[in-house]
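Working notes, beginning with the structure itself.
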Amino acid sequence: MAAVLTPGELRRSRNPAWARNTAVLSAVSALLVLAALSGLVIGAIHIPVREVWSVLLHPTDTEAYQIVWNLRLPRVLTGIMVGCCLGTAGALLQGVFRNPLADPGIIGVSSGGGLAAIAIMILFPAQIALLPAAAFLGALAASAVVYVLAWKGGASPVRLILAGVAVNSLLGAAMSAMMILNSEKVQSVLPWMSGSLNGRSWPHVDTLFPYALIGIAAAMMLIKPANLLALGDDAAKLLGVRVEVYRLLIVACAAFLAGAAISTAGMVGFVGLVVPHIARLLIGSDYRILLPVSAIGGAALVTLADTAARSWFDPIEFPVGILLALLGGPFFLYLLRKGAKR
C-alpha cells in the first residue's frame with residue numbers, strides 16, 4: 001500500500017529547492033536568535049540566560065535589568081537593523097550590477113552617506129538630528145553621480161562598477177580633507193569612522209526603525225524586477241521590464257538602506273559584500289529567498305561581530321567595523337583571486 005504524503009512532503013518532492021531554501025532560511029534565523037541572545041548574555045558582567053528572560057518578561061529595578069534593558073537590548077536591536085539594511089543593500093546592488101564585488105562600501109554609496117554625515121557632525125553639529133536624512137541624501141547623491149558618469153545610452157553594470165570605484169575614491173579623499181581641515185573636531189568623528197555600536201541606545205532604535213522598515217518594505221516590492229534584471233538587460237526588455245527605470249529604483253533603495261545604517265553605526269563595511277555572496281552560493285539568485293536570507297544573515301553577522309568586538313578585548317571595546325573589515329578584507333581578496341582564475 002503506497003504511503004500517503006502530507007502536503008509539505010508532497011511540495012518538497014515536487015520542488016527540491018524548496019526544502020533547501022527552507023533549511024537555509026531556518027538555519028540563518030536560528031543563527032540570528034543565537035546572536036541576539038549572546039549579545040544580551042555576554043559582556044563585562046555575564047548574565048545567565050534564565051535571568052535575561054526574567055528581566056525581559058518581568059522587569060524589576062535591578063542591576064541586571066539596567067544592563068539588559070537599557071544597555072544591551074537597544075544595542076542588539078540597533079545591530080540587527082544595521083546588519084539587515086546592509087545585507088539587503090548588498091544583495092540588491094550585486095544583483096543589479098551582476099557583480100559579486102558590488103557593495104555599498106566599494107561603489108561609493110557608503111562614502112556618499114559618510115561624507116554627508118561627517119559634514120553634519122563637523123560643520124553643523126547643532127543639526128545632528130538631520131544626520132539620518134543627510135546620510136541618505138549623500139548616499140543617493142553619490143548613486144546619482146555614479147549613474148550619470150556610467151550613462152552612455154544606458155548604464156551597463158561594468159561602467160557602473162568602474163564609475164562607483166572612482167567616485168568612492170574621490171569621496172574618501174574629500175572625507176580625509178574635511179577631517180584634516182577640522183582636526184580639532186576629528187576626535188568625536190573617529191569612532192563613527194571606524195563603525196561602532198558603542199553607546200547606541202533606545203533613541204537610536206527609535207530613529208533607525210522607521211528608515212529600516214521603509215527600506216526593507218521597498219526592497220521586498222522590488223523582488224520581481226530584480227529577478228528579471230538578473231536575466232540580463234536584453235531578456236528583461238523582452239519581458240517588458242523598463243530596465244533603466246527599475247535599475248535606478250533598485251540603486252536608490254540600496255542607497256536609502258545603506259544611508260540609514262551608516263547614519264547610526266558609522267562606516268561598517270563588508271557586510272553587504274560577504275553575506276549576499278554566501279547566501280547566493282547556498283540558495284542561488286532567486287530574490288524571493290535571497291533577499292530575506294541576506295537581510296537576516298547580515299543582522300546575525302553584525303550582532304555576533306559586535307558581541308565579539310566588545311567582549312574579546314575587554315576592557316577595551318573594539319569598533320565592530322574594524323573587526324568586520326578584518327573578516328571582509330580576506331574574503332574580498334578571495335573573491336578577486338577566484339574571479340581571476342576564471
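The values are calculated or read from the model by the stated rules, or taken from the named source; none is laboratory data. Here the structure is a predicted model, which means the values were calculated and not measured. Quick reminder, even Gly has a Cβ in these numbers, built from the backbone with ideal geometry, and neighbours come from all protein chains shown. Each accessible area value is taken on the protein alone, full model and side chains, heavy atoms only, with ligands, DNA and RNA left out. Shrake-Rupley method; radii C 1.70, N 1.55, O 1.52, S 1.80 Å.
This structure gives Cα extents along the principal axes in Å, computed directly, and of [x] 100, 54, 45; [y] 71, 60, 37; [z] 61, 45, 37 that value is listed as [y]. Here the stretch 173-305 yields Rg over Rh of 1.05, to two decimals, using C-alpha coordinates and the Kirkwood radius.
Can you list which of the DSSP-assigned H helices in the chain have a Cα extent of 15 Å or more along the long axis and an average Kyte-Doolittle score of at least 0.5? Those that pass (Cα extent of 15 Å or more, hydropathy at least 0.5) are 16-41, 73-96, 109-123, 131-150, 157-181, 202-221, 243-265, 271-283, 287-311, 320-341.
Just report the Cα centroid separation between the stretch 114-154 and the stretch 230-301, whole Å. Answer, in whole Å: 19.
Per-residue packing, averaged as other Cβ atoms within 10 Å, sorts the ranges 254-261, 208-215 into the order 254-261, 208-215, beginning with the highest. The aspartates and glutamates within cross-link reach of Lys224, meaning a Cα-to-Cα straight distance under 18 Å and a gap of 8 or more places when in the same chain, are Asp233, Asp234, Glu244, Asp286. Across the stretch 190-342, C-alpha contacts under 8 Å between residues 6 or more apart give a mean separation that, scaled by the residue count, equals a relative contact order of 32 percent.
Both numbers refer to the Cα atoms of the stretch 220-286; Rg and Dmax are 14.0, 42 Å. Taking 0.36 nm per residue of sequence separation and removing the Cα-Cα distance, the Arg288/Trp53 pair yields an extension gain of 81.2 nm. Protection proxy ranking of 294-304, 59-69, by the mean of other Cβ atoms within 10 Å over each peptide's residues and highest first, is 294-304, 59-69. Here's the picture: charge each Lys and Arg Cβ at +1 and each Asp and Glu Cβ at -1 in the chain, and of Ile296, Leu238, Asn70 the one pushed furthest to the positive end of that dipole is Leu238. Taking each residue as 0.36 nm, the span from Lys185 to Asp61 lengthens on full extension beyond its C-alpha to C-alpha distance by 40.8 nm. Dividing the mean sequence gap of close Cα pairs (under 8 Å, 6+ apart) by how many residues the chain holds gives a relative contact order of 31 percent. Is the stretch 67-139 best put as rounded, prolate or oblate by its Cα gyration tensor, with a ≥ b ≥ c the root eigenvalues, rounded for a/c under 1.5, and otherwise prolate when a/b is larger than b/c, oblate when not? Cα axes put the stretch 67-139 in the oblate bin.
For the stretch 40-164, the dipole from Cβ point charges (+1 on Lys and Arg, -1 on Asp and Glu) about the Cα centre works out to 480 debye, to the nearest 20.
Across the alpha-carbon set of the stretch 97-137, the Rg to Rh ratio works out to 1.14, Rh being the Kirkwood radius.
The ellipsoid equivalent to the alpha-carbon distribution of the stretch 247-342 has semi-axes of 24, 18, 13 angstrom, derived from the gyration tensor eigenvalues as √(5λ) and listed largest first.
Rg over Rh for the stretch 132-196 works out to 1.09, using Cα positions for both radii and the Kirkwood form for Rh. With point charges of +1 on the Cβ of Lys and Arg and -1 on the Cβ of Asp and Glu, referenced to the Cα centre of the chain, which listed residue (Ser38, Val148, Gly321) lies farthest in the positive direction of the dipole? Looking along the dipole axis, the top candidate is Val148. Expressed as a whole percent, the accessible area of the stretch 1-152 that falls on carbon and sulfur atoms is 70 (1.4 Å probe).
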